[in-house]
């Protein structure tokens with residue numbers, strides 16, 4: 001079942017605007033202050049304090065890869081793209097950067113609040129999916145390790161079922177998880193066999 005999203009409280013959050021001095025920055029700052037955010041403006045370098053910020057606004061028309069201390073698509077905070085140019089090269093750069101929301105320039109008197117909410121929700125979903133993928137990869141790796149361990153044990157003259165039960169018994173005897181026992185056997189099959197005989 002899909003989790004229902006709720007509107008987060010934004011008051012007291014901090015936004016960084018990476019944009020050369022411009023009327024766009026003044027318009028953004030007014031809207032962000034109205035919502036209750038603190039604002040830091042910078043150009044062309046991002047301060048180290050960006051890692052403690054809650055949102056990053058960036059000017060797609062002039063931004064470039066070396067400004068960001070992270071790999072494209074892996075920003076550690078919600079990012080909002082400010083788009084003025086629809087030049088193919090700039091749009092391609094934006095697609096590779098992977099912003100969580102966007103605002104078209106020129107920036108007027110509205111649009112920032114919804115962009116903040118969309119960016120937050122998109123960022124949270126991206127981080128959640130990345131965690132789920134990592135978890136699935138770990139589980140898949142553990143299953144492959146169990147299969148390898150059972151294969152090693154079966155090579156000692158046991159059936160697959162007997163090898164599986166032996167692995168379970170070894171995990172209980174060593175007081176570790178099934179997967180940890182499998183990893184130990186795969187890492188040092190001979191040592192595991194000796195330990196099993198010693199415990200038996």
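The values are calculated or read from the model by the stated rules, or taken from the named source; none is laboratory data. Just so we're clear, the structure is a prediction, and the values are computed from it rather than from any experiment. Please note: Cβ atoms are built from the backbone with ideal geometry, for glycine as well, and neighbour counts cover all protein chains shown.
Checked against (1) assigned to a loop (DSSP other than H, G, I, E, B); (2) loosely packed, with under 13 Cβ neighbours inside 10 Å; (3) assigned by TED's automatic domain parsing to the domain that holds residue 105; (4) touching a helix residue (DSSP H, G or I) at 6+ places or on another chain (Cβ under 9 Å), residue 46 passes all but a single condition, namely (2). For the criterion of being surrounded by 11 or more Cβ atoms within 10 Å (Cβ to Cβ), in the same structural domain as residue 18 (by TED's automatic domain parsing) and closer than 21 Å to residue 71 by Cβ, residue 119 fails.
Residue 89 meets the conditions (1) outside any loop (DSSP other than H, G, I, E, B); (2) in contact (Cβ under 8 Å) with a residue 60 or more places away in the chain; (3) more than 24 Å from residue 127 (Cβ to Cβ) in every case but one. The failed one is (2).
Checked against the criterion of being modelled with pLDDT of 85 or more and out of contact with any helix residue (DSSP H, G or I) (no Cβ under 8 Å at 6 or more places or on another chain), the candidates 194, 151, 159 yield just one match: 159.
In summary, residue 124 fulfils each of the numbered conditions (1) in the same structural domain as residue 32 (by TED's automatic domain parsing); (2) under 17 Å from the mean Cα position of the chain (by Cα); (3) part of a helix (DSSP H, G or I); (4) surrounded by 11 or more Cβ atoms within 10 Å (Cβ to Cβ) with the single exception of condition (1).
For the range 96-111, the tally of residues that are farther than 22 Å from residue 123 by Cβ and in a strand (DSSP E or B) stands at 0. The single residue among 61, 65, 109, 100 that is farther than 15 Å from residue 19 by Cβ and surrounded by 13 or more Cβ atoms within 10 Å (Cβ to Cβ) turns out to be 100. Based on what the data block shows, is residue 90 over 17 Å from residue 17 (Cβ atoms) and loosely packed, with under 11 Cβ neighbours inside 10 Å? Criteria not met by residue 90.
Note on the range 23-42: residues that are buried (at least 17 other Cβ atoms within 10 Å of the Cβ), out of contact with any helix residue (DSSP H, G or I) (no Cβ under 7 Å at 6 or more places or on another chain) and closer than 17 Å to residue 83 by Cβ amount to 3.
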